[in-house]
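Handing you this structure, nothing more for now.
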Amino acid sequence: MKTRAAVALEAGKPLEVMEVNLDGPKTGEVLVEIKATGICHTDEFTRSGADPEGLFPAILGHEGAGVVVEIGEGVTTLKPGDHVIPLYTPECRECASCLSGKTNLCTKIRATQGQGKMPDGTTRFSMLDGTPIHHYMGCSTFANHTVLPEIALAKVREDAPFDKICYIGCGVTTGIGAVINTAKVEIGSTAAVFGLGGIGLNVIQGLRLAGADKIIGVDINNEKKAMAEHFGMTHFVNPKEISGSVVEEIVNLTKTDFDQIGGVDYSFDATGNVQVMRDALECTHRGWGQSIIIGVAPAGAEISTRPFQLVTGRVWKGTAFGGAKGRTDVPKIVDWYMDGKIEIDPMITHVLTLDQINEGFDLMHAGKSIRAVVQF
Ligand code: NAD
Ligand code: AHE
Ligand code: ZN
């Protein structure tokens, strides 16, 4: 079949909206009509050329929602008409990682996914002249139709709006999951969140859900403050507007009469900046502070700190997709949204057509959007 897609032809160039060829689903695969997709900073990271795994030409996008159109041979858990959210972290429930019970990082198809291919080593997308187009994170949601492995689709309830629940395909789950699954934040905790964008705001709403007392948001853009307060931020720090270091500022904000050491129980990096990651670790409490890296850093970037920071009890952790097991957890998060336990709507600041997709990237660069969603 033919479908319309925004294609990343070269690193650093705007996406080009065009008609492409899409082959039908092979064994174990599913053809999905994408109804809506968010634009995450990771799409921009890869589009820009900063991703060491970046391949071109590719159809980016990994934060979608849609409807099953056709199933390939052997598919048993989905049928045409089912509503689904694509999963860049699949859940096969049979690989060593899935069965370990210790991680959400299913390894069944990770190798081919990183090569921009389906599990059989080929692509379903091609240009009209026959040139193969790479898949992206196994999802390629910047296309009106896409093909995914069955294990990379979460079936969700049919009354949930696509233009909101697409965000559960990455940002919502990553932010809330980082708090609940990775950090396992306790009631009464103190926390600092670096970067109040599409991920950081969901960390904040996760912290509120977990019952954190003090939620310190850090961003260099003051325009992010109001929305962060809406989601539960109690204190705001703009590192450009303080006299000392951001670490000192946060330590001072958390000192009490009883505890003159200071430092947050938990911190989260949602910027992808390695200097910020260092600050996020070093502002945690001596003895027990945990810092969770969510942000994705450019090729070649490395984190550093004095080992003394770890010797004195601080812990560095990372999280992908918020530690969520997609097929199990994503339908539950959709229920939380539908039941009003979590909020999504205010974070969807812009709704665009596919033809306007590059405006979504411009808004992100200008710091004007939280999530821009493309509706098909
Ligand atoms: P975003 O562009 O919406 O938000 C980033 C925010 O960080 C912005 O508000 C920006 O002003 C702020 N910021 C930038 N530099 C800063 C600095 N030096 N100090 C403080 N704040 C700063 O991006 P997003 O979609 O929220 O994504 C955030 C990061 O998370 C990206 O690196 C993205 O690739 C990554 N990510 C990781 C996962 C995962 O599973 N680990 C999932 C989704 C996104
Ligand atoms: N390709 C990059 C790494 C990108 C990365 O870390 N991706 C996250 C999801 S970001 C979603 O917005 C992830 O899931 N990582 C685990 C994995 O297996 O990719 C690089 O640096 O090579
Ligand atoms: Zn993402």
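Read-outs: derived from the displayed coordinates by stated rules, not from any lab. Just so it is clear, the structure is predicted and the values come from calculations on it, not from any experiment. A quick note on method: Cβ atoms are made from the backbone with ideal geometry, for glycine too, and the neighbour counts reach across all protein chains shown.
Along each of the three principal axes of the Cα atoms of segment 258-324, give the extent in whole Å, ordering the values from largest to smallest.
That gives 41, 28, 17 Å along the principal axes, largest extent first.
With +1 on each Lys and Arg Cβ and -1 on each Asp and Glu Cβ, how big is the dipole of the chain about its Cα centre, in debye rounded to the nearest 20? Intermediate values should be presented prior to the final figure.
Details: 34 positive and 45 negative charges, 149 e Å.
That gives the chain a dipole magnitude of about 720 debye.
Further question: Counting only Cα, what are the radius of gyration and maximum Cα-Cα distance Dmax of the chain, in Å?
20.5, 71
Take peptides 64-75, 204-215 and line them up by average Cβ neighbours within 10 Å, highest first, as a rough protection proxy. Spell out each step's value before the answer.
Numbers: 64-75: 19.2, 204-215: 21.9.
My ranking of the peptides, most packed first, is 204-215, 64-75.
Of 134, 365, how do they rank once you tally other Cβ atoms within 10 Å and put the fewest first? Working shown, then result.
Values: 134 19, 365 10.
So the ranking, lowest neighbour count to highest, is 365, 134.
Still on this structure: Using 1/(1 + (r/R0)^6) with R0 = 41 angstrom and r between the beta carbons of residue 76 and residue 16, what's the FRET efficiency to the nearest 0.05? Don't jump to the answer; show the numbers that get you there.
Details: r = 37 Å, r/R0 = 0.91.
For R0 = 41 Å, the calculated efficiency reads 0.65.
Kirkwood Rh, segment 65-215, all Cα pairs: how many Å?
Details: mean 1/r = 0.0579 Å⁻¹.
By the Kirkwood definition, the hydrodynamic radius is 17.3 Å.
Packing-wise, with mean Cβ within 10 Å as the measure, how do 299-305, 23-29 rank, highest first? Show your work: numbers first, answer last.
Working: 299-305: 11.1, 23-29: 17.4.
The densest-packed peptide leads the list: 23-29, 299-305.
Then there's this: With 5 Å bins from zero, work out the P(r) of segment 174-319 over every alpha carbon pair and list the percent per bin.
2, 11, 22, 25, 22, 12, 4, 0, 0
May I pose another question? Add -39500 (n - 2.57) for each DSSP H run of 4 or more in the chain, then divide by its residues: what number comes out at 222 nm, to the nearest 500 deg cm²/dmol? Present the calculation step by step, with values, prior to reporting the outcome.
Working: 12 runs with 92 residues, N = 376.
Taking each H run of at least 4 residues, the total per residue is -6500 deg cm²/dmol.
Also, quick follow-up: I need the calculated FRET efficiency for the pair residue 255 and residue 308, taking r as the beta carbon distance and R₀ as 22 Å, to the nearest 0.05.
On the way: r = 21 Å, r/R0 = 0.93.
Step by step, r from the Cβ atoms, then E = 0.60.
Where the centre of each part is set by its Cα atoms, how far does segment 187-202 sit from segment 342-376, in angstrom?
Cα centres, segment 187-202 to segment 342-376: 21 Å.
May I have the pair-distance distribution P(r) for segment 30-102, computed from all Cα-Cα distances with 5 Å bins from 0 and rounded to whole percent?
Result returned by the calculation: 3, 13, 17, 17, 17, 19, 12, 2.
Rank the residues 316, 288 as a footprinting-exposure proxy: fewest other Cβ atoms within 10 Å of their Cβ go first. Mind dumping the intermediate values first?
Details: 316 19, 288 12.
Sorted ascending by nearby Cβ count, the order is 288, 316.
What's the exposure ranking of 157, 371, going from fewest to most Cβ atoms within 10 Å?
Fewest-to-most Cβ neighbours within 10 Å comes out as 157, 371.
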